[in-house]
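Notes for the one structure printed next.
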Amino acid sequence: MFNKHIPNRPASATGPAGYSTATPTAADVGLLLIRLTFGLLMAAHGAQKVFGLFGGPGLTATGKGFAALGYRPGKLFAVIGGLSELLGGLGLALGLLTPLAAAALIGVMINAMVTVTGAHGLWDTDGGVEYSVCITVVALAVAAIGPGRLAVDRLFPWGEGGWKEAAFALGLGGIGAAITLSL
């Protein structure tokens, strides 16, 4: 509410309305919390598939599950899906290559919706797409908003997010999913 006047502050240290750009805002911290929670949970979900960590089935069992869904060879697609979740989740958590990380998660979730949950309607309680839609939308939103100031990507042109970054994430995720589903 109160705008403190700090004498002799260099012009480069202030942003709009004189607010310090050096101190993280509530929005910066909020976006970091979303990225960390969402990204690390997605990374752990991928680690369950690939490495059997956190009570997950591991690569062999996941590969059999993928083969049962029609992915051939199942183990190869389990690696691709698991690593997409693991690396996409880590990328979002760190705010590193955010549009690419979002694309990886979007592609996996499109595949999940088409092959597993789509036939069951919307609600997760019925085995529907609810969970996959939420993951897709959060990943796309982070690409659009940008990872925030508390991210590695703040050093790069795509670090601010925007329409191009969101389109890249959605387009690449969709193309990856389409290729995977066509094989």
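Taken together, the residues in the stretch 88-135 that are open to solvent by less than 40 Å² (accessible area, probe 1.4 Å) and under 18 Å from L31 (Cβ atoms) amount to 12. When the stretch 120-132 is filtered for residues that are under 19 Å from G88 (Cβ atoms), in a loop (DSSP other than H, G, I, E, B) and touching an Asp or Glu at 6+ places or on another chain (Cβ under 7 Å), nothing remains.
Residues satisfying the criterion are absent from the stretch 153-160 (criterion: under 27 Å from L183 (Cβ atoms) and open to solvent by 50 Å² or more (accessible area, probe 1.4 Å)). For G39, the requirement of being assigned to a helix (DSSP H, G or I), within 24 Å of I179 (Cβ to Cβ) and either open to solvent by less than 20 Å² (accessible area, probe 1.4 Å) or without any contact (Cβ under 8 Å) to a residue 60 or more places away in the chain (or both) is not met. Scanning the stretch 68-86 for residues that are open to solvent by 30 Å² or more (accessible area, probe 1.4 Å) and either outside any helix (DSSP H, G or I) or among the hydrophobic types (A, V, I, L, M, F, W, C) (or both) yields a count of 9. Being free of Cβ contacts under 8 Å to residues at least 60 places away in the same chain, touching a Leu at 6+ places or on another chain (Cβ under 6 Å), in a helix (DSSP H, G or I) and not polar (S, T, N, Q) is a description that applies to G91. Taken over the stretch 116-138, the criterion of being within 18 Å of L41 (Cβ to Cβ) and acidic (D, E) is satisfied by D124, E130.
Yes or no: A61 in a helix (DSSP H, G or I) and either open to solvent by less than 40 Å² (accessible area, probe 1.4 Å) or not hydrophobic (A, V, I, L, M, F, W, C) (or both)? Taking the combined requirement at face value, the residue does not satisfy it.
Evaluating P24 against the criteria (1) in contact with a helix residue (DSSP H, G or I) (Cβ under 9 Å, 6 or more places away or on another chain); (2) open to solvent by 70 Å² or more (accessible area, probe 1.4 Å); (3) modelled with pLDDT under 95; (4) not charged (D, E, K, R) leaves one unmet condition, (2). Filtering the stretch 133-169 to residues that are touching a Gly at 6+ places or on another chain (Cβ under 6 Å) and not in a helix (DSSP H, G or I) leaves G146, P147, A151, G161. When G148 is tested against (1) within 16 Å of the chain's Cα centre (by Cα); (2) at pLDDT below 95; (3) more than 17 Å from T37 (Cα to Cα); (4) not charged (D, E, K, R), exactly one condition is not met: (3). Screening K49 against (1) outside any loop (DSSP other than H, G, I, E, B); (2) modelled with pLDDT under 95; (3) closer than 30 Å to G176 by Cα leaves a single unmet condition, (2).
The values are calculated or read from the model by the stated rules, or taken from the named source; none is laboratory data. Keep in mind the model is a prediction, meaning the values are calculated, not measured. Neighbour counts are summed over all protein chains in view; Cβ atoms, including those assigned to glycine, are modelled from backbone coordinates with ideal geometry. Please note that ligands, DNA and RNA were not included when accessible areas were found on the heavy atoms of the full protein model with its side chains. Shrake-Rupley method; radii C 1.70, N 1.55, O 1.52, S 1.80 Å.
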